[in-house]
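Notes for the one structure printed next.
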Amino acid sequence: MNNAQKSVTVIGLGPMGRAMVAALLDRGYAVTVWNRTASRADELVARGAVLAPSPAAAVAANEAVILSLTDYVAVYDVLGPVPAADLAGRVLVNLTSATPEEARAGARWAAERGAVQLTGGVNAPPAGVGEPDSSTYYSGPRETFDQYRALLEVLTGRADHRGEDPGLAALLYQIGVSMFWTSMLSYWQAVALARANGLTAADILPDARETADTLAQLSAFYAERIDAGVHAGDVDRLAMGRASVEHVVRTNADAGVDTALPAAVADLFRRGMEAGHGEDSFSTLVEVMSKPAA
Ligand code: NDP
């Protein structure tokens, strides 16, 4: 794509899609949009985007079609009725969250219609779209990625191609999101416990930040040992961790705070103890978590 062809279609105008269209318009792209709820396009149309009357018309408008939908059910709902002949030759930049298997099936579905899917996993909230430091994992054909790199770098400053497997970007994205959801919930738990004891989120923010920094340091420390298969109980012991987690459960219960999350953590410690790892590091729980619960 050269400068004269700065033209793209965006399907899906949730917070992400709208932020992407805005970033593209800011950078001088001609943008055709389609969304199930047409009114979400109003502001963007006022800024110069063109609202296509149907998904087929949106696909027909450009070779590059960005998909920013809730899930792949929505992708098939929207693109399923588009004739295969209209999809042929299109590059579907699919930034819709999915499992790796769903992403691979999506790439096959596109290939059956003569289209190419580039899978993307955006590592930024809508406010990060268009920012130089934000990034997106991509996987799929390298050649297609290179051809559209300039466009992709408008969406997030860094476009990070990780490999040809269309499922890879989805996998890396889900690994990050897995950590994101559980970590953020651990923070909500901390805030709930603080509030139940008369402290505000702001009161505990400096301590929460320090804990988050410690997590980053410990991740680096344990990564090396885990990859080497070392779970020695030299710096911590699972048995110690189990006692500590029980105090966490009881402190939350005493404060009248929901204990679902700490109880789930305590259950994993219990399983580690039952597997005979009490004298090992609590990193041994990686091995427990690598197998489904009995
Ligand atoms: P939303 O779920 O808010 O909106 C996505 C779009 O999907 C909307 O335009 C919605 O249309 C459309 N949609 C959903 N179901 C259907 C359907 N069955 N048929 C047609 N259209 C449908 O998502 P976001 O904009 O927040 O995010 C888009 C993608 O990016 C998601 O996969 C998300 O996981 C991912 N993502 C989001 C981040 C965020 O912080 N928001 C961060 C990183 C990735 P309508 O307007 O009509 O409801």
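Once amide H atoms are placed 1.01 Å from N in the peptide plane, what residues at a sequence separation of 5 or more from residue 32, or on another chain, have their amide H within under 5 Å of its amide H?
Residues meeting the amide H criterion: 8, 9, 10, 50.
What does the charge dipole of the chain about its Cα centre add up to, to the nearest 20 debye, if the Cβ of each Lys and Arg holds +1 and the Cβ of each Asp and Glu holds -1?
Taking the Cα centre of the chain as origin, the dipole is about 780 debye.
GNM, the chain, Cα, under 10 Å: largest mean-square fluctuation among 125, 166, 141?
125
Quick one: if the Förster radius is 45 Å, what FRET efficiency do residue 220 and residue 6 give, using the C-beta to C-beta distance and rounding to 0.05?
That pair, residue 220 with residue 6, gives E of 0.60.
For region 90-144, which whole percent of the accessible surface, found with a 1.4 angstrom probe, sits on carbon and sulfur atoms?
Solvent-exposed carbon and sulfur of region 90-144 make up 50 percent of the total.
Divide by every residue of the chain the summed helix terms, -39500 (n - 2.57) for each DSSP H run of at least 4, and state the resulting mean residue ellipticity at 222 nm, rounded to the nearest 500 deg cm²/dmol.
When only DSSP H runs of four or more count, the value is -17000 deg cm²/dmol.
Could you tell me what percent of the DSSP beta bridges with both partners in the chain are antiparallel, to the nearest 5?
The answer is about 15 percent antiparallel.
So if we plug the beta-carbon distance of residue 131 and residue 251 into 1/(1 + (r/R0)^6) with R0 = 41 Å, what FRET efficiency do we get, rounded to 0.05?
Rounded to the nearest 0.05, the efficiency is 0.55.
Tally Lys/Arg at +1 and Asp/Glu at -1 over every other residue whose Cβ is under 15 Å from the Cβ of residue 149; what's the total?
0
How big, on average over all directions, is the shadow cast by the Cα convex hull of region 226-268, in nm²?
For region 226-268, the mean projected area of the Cα convex hull comes to 3.6 nm².
What is the dipole size for region 172-289, taken about its Cα centre, with +1 at each Lys and Arg Cβ and -1 at each Asp and Glu Cβ, in debye to the nearest 20?
260
For region 1-76 and region 200-229, what is the separation of their Cα centres, given in Å?
Taking the Cα centre of region 200-229 as reference, the centre of region 1-76 is 39 Å away.
What does the charge count near residue 90 come to, summing +1 for each Lys or Arg and -1 for each Asp or Glu among other residues with Cβ under 10 Å from its Cβ?
Residues near residue 90 contribute -1 overall.
Just the ratio, please: alpha-carbon radius of gyration of region 172-289 over 2.2 N^0.38 Å, N its number of residues.
My calculation over the Cα atoms of region 172-289 gives 1.13.
Mean-square fluctuation check for the chain, GNM, Cα pairs under 10 Å: which of 186, 135, 283 is largest?
Highest fluctuation among the options: 283.
On the full set of protein chains, 1.4 Å probe, figure out the accessible area of residue 240 and give it in Å² to the nearest 10.
In the full protein context, residue 240 sits at about 100 Å².
Nearest 10 degrees, 0 to 90: what angle lies between the long axis of helix 238-254 and the longest principal axis of the chain (Cα atoms)?
80
Pairs of alpha-carbon atoms within less than 8 angstrom and 6+ residues apart define the contacts here; what relative contact order does region 1-103 have, in percent?
Relative CO of region 1-103 lands at 28 percent.
Return the FRET efficiency for the residue pair residue 227, residue 73: r is the Cβ-Cβ distance, R0 is 41 Å, and the value is rounded to the nearest 0.05.
Taking R0 as 41 Å, the efficiency between residue 227 and residue 73 is 0.65.
Using a simple spin-label model with points 7 Å from Cα along the Cα→Cβ vector, what separation in nm is obtained for residue 85 and residue 275?
A separation of 5.7 nm, rounded to one decimal place.
Roughly how many Å² is the accessible area per residue of the chain, as a whole number, for a 1.4 Å probe?
Result: 53 Å² of accessible area for each residue.
Using only Cα atoms, tell me the angle between helix 142-155 and the longest principal axis of the chain; keep it within 0 to 90° and round to the nearest 10.
With rounding to tens, the tilt is 80 degrees.
Once you compute Rg and the Kirkwood Rh from C-alpha atoms, what is the Rg to Rh ratio for the chain?
Looking at the chain, the ratio lands at 1.07.
Can you give me the relative contact order of the chain as a percent, contacts being Cα pairs under 8 Å and 6 or more apart?
12
The values are calculated or read from the model by the stated rules, or taken from the named source; none is laboratory data. The structure presented is a predicted model; accordingly, all values stated were derived computationally and were not measured. Here Cβ is always computed from backbone atoms with ideal geometry, including for glycine, and neighbour counts include all displayed protein chains. Just the protein is used for accessible areas: all its heavy atoms, side chains included, with ligands, DNA and RNA removed. Shrake-Rupley method; radii C 1.70, N 1.55, O 1.52, S 1.80 Å.
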